[in-house]
Amino acid sequence: MTMQTKIADNGVNVAALLGAREALSRAPEAARFKWRATSKWLKGTHSRGTVEGFFGLGGEQMHRQSYQFDCDHPEIFASEDNGAAPVELVLVALAGCLSAGVAAVAQKRNIQLRSVQATVEAPMDIQGILGIDPEIRNGFDRIKIHYEIDADASAEEVAALVAQSQKRSAVFDVITNPTDVSVTTSKVEDRVVPGNIEC
Amino acid sequence: MLTRLAGYIDVIVIGAGHSGLAMSAVLGERGIDHVVLERSEVANSWRTERWDSLRLLTPNWLSRLPGYGYVGDDPDGFMTSAEIGEFLDDYAKWSSAPVISHSTVLRVTRADAGYRVATAQGDWTCRALVLATGAYNQPVTPRVAQGVPARIHQLHARSYRNPDQLPPGRVLVVGSSATGVQLARELQRSGRPVTLAVGEHVRMPRIYRARDIQWWMLAAGLLERRIEEEDDPQRARRVPSPQLVGMPGVTLDLNALREHGVEIVGRLVGMRDGKAQFSGSLRNVCALADLKLNRLLTALDQWVEGRGRTFGISAPERFAPTVVDDVPRLEIDLCADVRTVLWATGYRPDYSWLKVPVVDPRGDLVHNLGVVAAPGLYVLGLPYLRRRKSSFIHGAEDDARELGAHLADYLDGSERGRSGSCVAPRSARGSFPVAAARRAGA
C-alpha cells in the first residue's frame with residue numbers, strides 16, 4: 001500500500017515567508033517597516049481613512065491599490081452611521097491579524113483549513129469616554145475572541161494554531177502591550193487672499 | 001591545585017565548572033597536554049553566585065561526568081550549591097585535572113598558530129583553546145528596569161541569597177523560569193506577598209506517572225535530541241529553564257504558586273508614572289505552556305507504550321489547565337504596593353575578554369556545534385549546544401568527547417602542517433576506571 005502525503009493548501013506561500021525570514025535575519029535593516037495611513041474628516045463624526053503606501057525592504061512600497069475605510073458612529077450616538085465605529089475597526093484588525101496567522105501556521109504545519117470563523121466581543125463602559133466617571137477607562141474592559149475552525153486536525157492542534165498565531169501577531173501585541181503614541185499638530189496657515197495684498 | 005608557570009601549552013581550557021572539567025578529563029584520556037584556567041576556585045559560580053536554597057533540577061543519580069558518578073545513599077535527592085561545589089571539587093581531584101586557580105583570563109588574542117591568553121600571572125600561548133565559561137556570566141535586566149522609582153528596592157537573582165535580605169512587603173518577581181518560580185515560592189512563604197510577572201514559560205510536573213520527570217526525559221531519549229533536528233535552532237537554544245524545583249515530589253507550576261497565594265500577572269512590559277504595566281497576553285502564554293506540556297506528556301506516553309513495559313509506572317495522567325484570573329491585573333502602583341522588584345530575567349555570556357572576531361553583534365559566539373569560527377577554538381556547556389542536555393552536568397560528557405575528538409584531529413593536522421611531516425596520531429591512554437564519588441555533602 002502506498003501512503004499518500006497530502007500537502008495542505010491554505011493559499012499561504014510559506015516558502016516565501018520562510019525565505020523572507022531567512023533573508024531578513026541576515027539583513028535586519030531591511031526588516032524595518034513603517035506603516036502609514038491618512039484620515040480626512042468629512043462631516044460630523046464621519047471621516048475616511050486611506051492606506052496606500054508604506055516603507056519596507058529598504059524602500060517605498062505600494063499596495064496593489066489604495067483602500068479606504070469610512071469611520072463613523074451609530075445613530076444612537078446622534079451620528080449618521082456612515083461607517084464602522086473606530087473601536088470596531090480595532091476588533092476587525094485584531095481578527096484579521098490573528099486569522100492570517102492561523103492560516104500561515106496551519107500551512108507550515110501542513111494542516112488543511114476548511115473554514116475559520118472569528119467572533120470578537122469587547123465590553124466597554126462608555127461612562128469613560130463621556131467623562132462621567134474618571135475611574136472608568138476609555139477603552140475596552142477586555143476583548144474576547146472566539147475561533148471556530150474546521151480543519152484536518154485534532155482539537156489540540158487547532159488550539160495550538162490559534163495560540164501560536166497570537167504569539168506572532170502584531171495587532172495582538174499592539175493591543176496587549178503599551179505603545180508610545182505621539183500626536184502632533186500643525187495649523188494650516190491663513191490663506192493669503194489677493195485682495196489683502198497692499199499695492 | 002596545580003602550580004605551573006605561564007608559557008606554551010598545547011591546549012588551554014578556560015573555566016573549571018562541570019564542562020571545563022569534563023573536557024579536561026577527555027583531553028587527559030587522550031594524553032593531550034593542557035591546563036584549566038579558573039578565575040577563582042573549581043565551581044566558583046555555584047559557590048558564590050547562587051541563592052542559599054538552590055538545588056539542582058536533576059536528581060543525584062543523574063550527576064555524572066566522564067568516568068565518574070554519584071554513589072551516595074540519596075540517589076533521588078537534589079544537590080545544594082555547596083554539594084555541587086564539593087562534587088566538582090572531588091571530580092577535579094579524582095581526575096587530576098590540571099586546574100590553575102585564581103588565574104583570571106584578562107584577554108585572548110590570536111597568536112602564531114594559536115592563541116595568546118593573558119592572565120595577571122603571565123601570558124600563555126596555546127594551539128587550541130576551549131571556552132568553558134558558561135552562559136550565565138552577566139545578569140540581564142530588561143530596559144523597563146530604568147523606569148522603576150528610586151525608592152523601590154531592586155535586585156537581580158544573582159545577588160539574591162535569602163528572604164531576610166529583603167524588606168517586608170510585597171515583592172514583584174519578574175520572570176517565570178525555574179529561578180522566578182522558586183524565588184516566588186520562597187518569598188511568599190517568608191510572609192512577603194508576591195506578584196509574579198509571567199511571560200513565555202515551560203511548565204513541567206516534578207513527577208509524572210510515579211517517576212521523576214528527568215527520568216522520563218532521559219529514558220525516552222528527549223535529552224539526546226540534537227540541535228540539527230530542530231526547525232529553529234536559535235529558538236530552541238533560547239527556551240527558558242522549566243518550572244522545576246529540586247525537591248522530591250514537589251511540582252512548582254503556576255497553579256501551585258497560586259495555591260501558595262502568589263498573584264500571577266502578565267509579562268512586565270512597561271513602566272508609566274511609577275506604575276508597572278503587565279501584558280494582556282497572560283492567557284495565551286499559559287495556553288501555549290499547557291499545550292506544550294500535553295504534547296510532551298503524549299510523547300512520553302507513546303514512548304512507554306511502544307516499549308510495552310510499565311514496571312513502576314502508573315497510569316497516564318493530565319494536569320489541570322493553568323488557572324488565570326477572570327480579570328488579571330494589568331498594572332501595579334509600585335510606590336503604593338511594592339517594596340522590592342526581583343529580576344529573575346536571566347543571564348548572558350560575557351566574551352568581552354575574547355579579542356578574536358568570533359562574536360556577532362548580538363554578543364553571541366559564532367560557532368557550529370561548539371566548533372567556533374576560528375581555527376582551534378571550541379566552546380562547550382552552552383544551552384543546547386549540540387544536544388538538549390548540553391548544558392546539564394550529565395550532558396557534558398558526550399559533547400566533551402566529540403569536541404575533544406575534533407580538537408585532537410585539529411592538533412594533529414596543524415602539527416603536520418607546521419612540521420611538513422606526518423605525525424603519528426595520538427593514542428588514547430585508555431579510559432578512566434569508573435570510580436565512585438564520595439557522597440556529596442557527606
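Within segment B:218-237, is even one residue touching a helix residue (DSSP H, G or I) at 6+ places or on another chain (Cβ under 8 Å), basic (Lys, Arg) and within 14 Å of another protein chain (Cβ to nearest Cβ)? So far as segment B:218-237 goes, no, none of its residues is touching a helix residue (DSSP H, G or I) at 6+ places or on another chain (Cβ under 8 Å), basic (Lys, Arg) and within 14 Å of another protein chain (Cβ to nearest Cβ).
Checked across segment B:292-302, the condition of being at pLDDT below 95, of a type in the set (Val, Ile, Thr) and farther than 25 Å from residue A:145 by Cα holds for no residue.
For residues that are over 19 Å from residue B:191 (Cα atoms), under 18 Å from the mean Cα position of the chain (by Cα) and not small (Gly, Ala, Ser), tally how many sit in segment B:147-164. Final tally of qualifying residues: 2.
With the condition kept exactly as written, say whether any residue in segment B:331-344 is out of contact with any strand residue (DSSP E or B) (no Cβ under 7 Å at 6 or more places or on another chain), part of a loop (DSSP other than H, G, I, E, B) and in the same structural domain as residue B:188 (by TED's automatic domain parsing). Within segment B:331-344 (the criterion being out of contact with any strand residue (DSSP E or B) (no Cβ under 7 Å at 6 or more places or on another chain), part of a loop (DSSP other than H, G, I, E, B) and in the same structural domain as residue B:188 (by TED's automatic domain parsing)), the answer is no, since none of the residues qualifies.
This table checks each residue for (1) modelled with pLDDT of 95 or more; (2) over 27 Å from residue B:44 (Cβ atoms); (3) surrounded by 21 or more Cβ atoms within 10 Å (Cβ to Cβ); (4) polar (S, T, N, Q).
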site	(1), (2), (3), (4)
B:155	yes, no, no, no
B:159	yes, no, no, yes
B:163	yes, no, no, no
B:166	yes, no, no, no
B:175	yes, no, yes, no
B:179	yes, no, yes, yes
B:202	yes, yes, no, no
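Annotation: of all residues in segment B:277-318 being closer than 15 Å to residue B:203 by Cβ and more than 14 Å from every other protein chain (Cβ to nearest Cβ), the one that is surrounded by the most Cβ atoms within 10 Å (Cβ to Cβ) is B:300.
Name every residue in segment A:130-156 that is farther than 25 Å from residue B:279 by Cα, surrounded by 10 or more Cβ atoms within 10 Å (Cβ to Cβ) and among the aliphatic types (A, V, I, L, M), in order of residue number. Result: A:130, A:132, A:149, A:151, A:153. You will find that of A:110, A:138, the residue that is within 14 Å of another protein chain (Cβ to nearest Cβ) and among the polar types (S, T, N, Q) is A:110 and no other. In summary, residue B:326 fulfils each of the numbered conditions (1) under 28 Å from residue B:156 (Cβ atoms); (2) modelled with pLDDT under 95; (3) not assigned by TED's automatic domain parsing to the domain that holds residue B:20 with the single exception of condition (1).
Considering segment B:159-267, the qualifying helices (runs of 4 or more DSSP H), each wholly inside and each with 3 or more residues that are of a type outside the set (Val, Ile, Thr) and within 21 Å of residue B:388 (Cβ to Cβ), run over B:213-219, B:233-238. Taking the listed residues A:78, A:103, A:37, the one that is among the hydrophobic types (A, V, I, L, M, F, W, C), out of contact with any helix residue (DSSP H, G or I) (no Cβ under 8 Å at 6 or more places or on another chain) and under 30 Å from residue A:7 (Cα atoms) is A:103, with no other qualifying.
Residue A:44 satisfies every condition listed in (1) closer than 24 Å to residue A:101 by Cβ; (2) out of contact with any helix residue (DSSP H, G or I) (no Cβ under 7 Å at 6 or more places or on another chain) except (1).
Scanning segment B:264-276 for residues that are more than 10 Å from chain A (Cβ to nearest Cβ), surrounded by fewer than 20 Cβ atoms within 10 Å (Cβ to Cβ) and in contact (Cβ under 8 Å) with a residue 12 or more places away in the chain gives B:274, B:275. Against the conditions (1) over 30 Å from residue B:181 (Cα atoms); (2) outside any loop (DSSP other than H, G, I, E, B); (3) in contact with a Leu (Cβ under 9 Å, 6 or more places away or on another chain); (4) touching a residue at least 60 places away in the same chain (Cβ under 8 Å), residue B:88 satisfies every one except (1). Evaluate segment A:178-194: report whether one residue or more is at the interface with chain B (Cβ under 10 Å from one of its Cβ atoms) and not charged (D, E, K, R). Scanning segment A:178-194 turns up at least one residue that is at the interface with chain B (Cβ under 10 Å from one of its Cβ atoms) and not charged (D, E, K, R). Taking each residue of segment B:197-215 that is within 14 Å of chain A (Cβ to nearest Cβ) and looking for partners that are surrounded by 22 or more Cβ atoms within 10 Å (Cβ to Cβ) and among the charged types (D, E, K, R) with beta-carbon atoms closer than 7 Å, six or more apart or interchain, yields B:197/B:267; B:198/B:267; B:199/B:267; B:203/B:253.
Among the residues here, residue A:80 does not qualify as closer than 24 Å to residue A:175 by Cα and either acidic (Asp, Glu) or outside any helix (DSSP H, G or I) (or both).
For (1) touching a strand residue (DSSP E or B) at 6+ places or on another chain (Cβ under 8 Å); (2) modelled with pLDDT under 50; (3) assigned to a helix (DSSP H, G or I), each residue gets a yes or a no:
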site: B:385; (1), (2), (3): yes, no, no
site: B:389; (1), (2), (3): no, no, no
site: B:398; (1), (2), (3): yes, no, yes
site: B:414; (1), (2), (3): yes, no, yes
site: B:422; (1), (2), (3): no, yes, no
site: B:433; (1), (2), (3): no, yes, no
site: B:438; (1), (2), (3): no, yes, no
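The residue pairs whose first member lies in segment B:291-314 and is more than 14 Å from residue B:217 (Cβ to Cβ) and assigned to a helix (DSSP H, G or I), whose second member is at pLDDT 95 or above and among the aromatic types (Phe, Trp, Tyr), and whose beta carbons are closer than 9 Å, counting only pairs six or more residues apart or on different chains, are B:294/B:319. So which of B:141, B:133, B:119 ends up being buried (at least 21 other Cβ atoms within 10 Å of the Cβ) and not hydrophobic (A, V, I, L, M, F, W, C)? Answer to the selection: B:133. Take the conditions exposed (fewer than 13 other Cβ atoms within 10 Å of the Cβ), touching a residue at least 12 places away in the same chain (Cβ under 8 Å) and of a type outside the set (Phe, Trp, Tyr) and apply them to residue B:327. Does it pass? Taking the combined requirement at face value, the residue does not satisfy it. When B:358, B:341 are checked against the criterion of being out of contact with any Pro (no Cβ under 9 Å at 6 or more places or on another chain), surrounded by fewer than 21 Cβ atoms within 10 Å (Cβ to Cβ) and away from chain A (no Cβ under 14 Å), a single residue qualifies: B:358.
The values are calculated or read from the model by the stated rules, or taken from the named source; none is laboratory data. What you see is a predicted model, and the numbers here were worked out from it, not measured in a lab. Positions of Cβ are generated from backbone atoms using ideal geometry, with glycine treated the same way; all protein chains shown enter the neighbour counts.
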